[in-house]
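Bear in mind that the values in this text are calculations on the coordinates, not laboratory data. Quantities reported herein were computed from a predicted structural model and do not represent experimental measurements. Here the Cβ positions follow ideal geometry from the backbone for every residue, glycine too, while neighbour counts run over all protein chains shown.
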Amino acid sequence: MTSASLVWFRDDLRVADNPALRAAMERGGPIIALYVLDEVSDGIRPLGGAARWWLHGSLTSLGDRLRELGVQLVLRRGPAAREVRQAVTDASAGAVFWNRRYGGAEREIDASLKTGLRDDDVVVESFGASLLFEPWTVRTGAGQPYSVFTPFWRACRNLPAPRAPLPAPRELTGAADIDSDALDDWALLPTDPDWAGGLRETWEPGEPAARARLRDFLRDDLDDYDRARDEPAAGVTSGLSPCLRWGEISPHEVWHATLAGVQGSKTPGGPRAAAAQRFLSEIGWREFAAHVLFHNPDLATVNLRREFDDFPWPRLKPTALKAWQQGRTGIALVDAGMKELWHTGIMHNRVRMVTASFMIKNLLIDWRHGEEWFWDTLVDADGASNPFNWQWVAGSGADAAPYFRVFNPELQAKKFDPHGEYIGRWAPEYGRGRAPEPIVDLGESRKAALDAYERMRRS
């Protein structure tokens, strides 16, 4: 009789297009599904509050789906290497399967665990599931990782097309029960105070909701994506970023569903095709961030462009940082974005760039403070995309915006929210005849930022 197979779920909280789960099915025998909440291993970054809220909902959904298929989801908390080994022992498992992670600490844990288990004659295999292209497969002609997006994405598109997604299982064979934590005991949900009301209004975590979100986007919004994606009030973005971050849907599913939607249209080479390519390039930007993290594991703390280590950040003013965090800067688009973030756990991408630029360049606050705030408040907080995008705005990252590109939030509002719909929704005080006093002068603070950059260059 075939021994049990353990499937270690991580950032892949789904049953469809899950290569690790598929491998366990093909091996035969009973299956143990395991999730480990590891916030204590060296180098592992504890989740922020909004991410913990999402994780609770996503694990609830995954547990329900697995139970329908005949398998219980086992929950363990602690160092992943210890907990996976213990689960293997408890279940007398002869094989362990997982889908790869790309952060430095995560890879070290996985490699050590793989070696140790194989030494104990346990079959261990890992699979690519959360990226379209593995980081070691995309290199320049000189064999180096890419540092600029456009040639990176061109190289990706010249590789074999992403594989087709794997179908969801119809039935699984569960192993004998082993000890499991109760999800509620992990206290992932906020209670005192319960600040997650806006998250509950906005989101439904889990694989079924992710698949429905993709279907609705392709049906209702893709045609307008290329034209209106930068308008925060237009509502044409996919809303898939938290679903991709938690692996409730795979990029392979998104890729093939998008292309199938274009091929099935009446004008497959028309505007819908252009919109689809623009949308898929945003998936490419996500890939680029993960590739940069793979080659730079300290992305969240260290400037990629090391000359920025000499940037003359002034002494932090906590009152300015707090005003930015709370949406009390006196700048309408910035305040609207920060209030949207607090209520929904997400922010429109155009507004993310504006709010980040304002904090870094108008308030002259180190980008790491903003990255930490987004890490705590975003439901899609991702170890690659979050620091990658902050460094992009700061000018210190890969393919970074030139430092002298300072987003003017007033001009950005006129261009992308001309009728004030977005600001009116999230910061209605600006439409009541009042003019909150800005905490900085946009022109003077821009000049101060550019002067600081010049001092860094001269040094």
Options PRO30, LEU75, VAL124, ranked by Cα towards positive dipole end of region 4-129, top entry (Cβ charges): LEU75
Added length on full extension, which subtracts the Cα-Cα distance from 0.36 nm per residue, THR202 to ASP310: 34.7 nm
Computed label-point distance, nm, for sites VAL40 and ASP179 using a 7 Å Cα→Cβ extension: 1.4
Top positive-direction residue, dipole computed over region 135-232 with Cβ charges, set PRO135, LEU188, PRO232: PRO135
Dimensionless Rg over Rh [region 306-458; C-alpha; Kirkwood]: 0.95
Residue-averaged 222 nm ellipticity for the chain, from DSSP H runs of 4+ at -39500 (n - 2.57), nearest 500: -14500 deg cm²/dmol
Relative contact order (%) - criterion: Cα under 8 Å, at least six apart; region: the chain: 18
Point-charge dipole on Cβ atoms (K/R +1, D/E -1) for the chain, about Cα centre, debye to 20: 1460
For region 4-129, size of Cβ-based charge dipole, Lys and Arg +1, Asp and Glu -1, in debye: 220
Evaluated at q = 0.21 Å⁻¹: base-10 log I(q)/I(0), Debye formula over Cα of region 4-129: -1.38
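State the dimensionless ratio Rg/Rh of region 63-112 (Rg: radius of gyration of Cα atoms; Rh: Kirkwood radius). Provide the component values of the computation, followed by the final result.
Values: Rg = 12.7 Å, Rh = 12.6 Å.
On the Cα set of region 63-112, Rg over Rh gives 1.01.
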Eligible lysines near LYS447 by straight Cα distance, threshold 23 Å, same-chain separation 8 or greater: LYS317, LYS322, LYS361, LYS414, LYS415
Estimated Rh, the chain: Kirkwood, alpha-carbon pairs, angstrom: 23.5
For region 306-458, size of Cβ-based charge dipole, Lys and Arg +1, Asp and Glu -1, in debye: 380
Calculated SAXS-style log₁₀ I(q)/I(0) at q = 0.14, 0.22 Å⁻¹ - region 156-246, Debye, Cα scatterers: -0.88, -1.25
Inter-label distance, nm, simple model (7 Å from Cα along the C-beta direction), PHE404/THR60: 5.3
Sites THR191 and ARG77 - FRET efficiency at Förster radius 25 Å, r taken between beta-carbons, to 0.05: 0.85
Segment ALA111-LYS414, extension gain: residue separation times 0.36 nm, minus the distance between their alpha carbons: 104.0 nm
